[in-house]
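Below: one structure, written as structure tokens.
Just so you know, all these numbers are worked out from the coordinates, no wet-lab data involved. Quick caveat: nothing in here was measured; it's all calculated off a predicted structure.
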Amino acid sequence: MMKQLSAAILVLLFFACNQKQKQVPADMLSKEEMPAALQSLWERTSLFPDSPGIRLQLVNGLDSLGATKQAMVQMDTLLLNDSLNYGLWYRKALLQEKIKDTLGALQSYRYAIKIYPAPDAMLGAANLLAEKKDSTALAICKQISLLRIGREYEAHSQFISGIYYARTGKKEKAMAAFNNTIANQLNYPEAYMEKGFIL
């Protein structure tokens, strides 16, 4: 009886794993597996290898299909030709975040910020640092707040500060930061959820 139950559980796990694998898109696509529009973009990058616009469209297409390794190769090609482009480093950081490469994403954010200290890249880096319990996140959020560029960015800064405090066990400071987030942007569901987790 026990052996039959164990065998049944193994079979269920096998099917569950196979189902998961089928739902996850392939990381590498052959040209035949790509939609016609993406095949066309691939061919156009061969014809116009120096066109960053076409290659970036290809990156976005590959990313949307879950072919992140191929998208990353294209990003690296773009950065080889234009390593001082803030937007390319920022886009690479977003891709790296998607594939859970936190260290790589932080490095790409750092390069982007060095080129142009835009609040979006700063917030991206601060968010990753807050999740890692790195107090540098607070310094970045304070810097963004000092820019006074609008309530939306202030809400994001407060939220990320709250994440840092919540992850480091400072519940009162976290609640205050989440309350400030909501005060700046009433419709911020993540702040409400984080408050719920604390309570």
For this session: Provide the convex hull volume over Cα atoms per residue for the range 38-118, in Å³.
Result: 78
Exercise. If one puts a single equal scatterer on every Cα of the range 158-199 and applies the Debye formula without solvent, what log₁₀ I(q)/I(0) results at q = 0.22, 0.23 Å⁻¹?
Worked result: -0.55, -0.60
Exercise. For the range 159-199 and the range 112-129, what is the separation of their Cα centres, given in Å?
Worked result: 21
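Whole number please: convex hull volume per residue, Cα atoms of the range 66-191, in Å³.
Hull volume over Cα atoms, normalised by residue count, gives 102 Å³.
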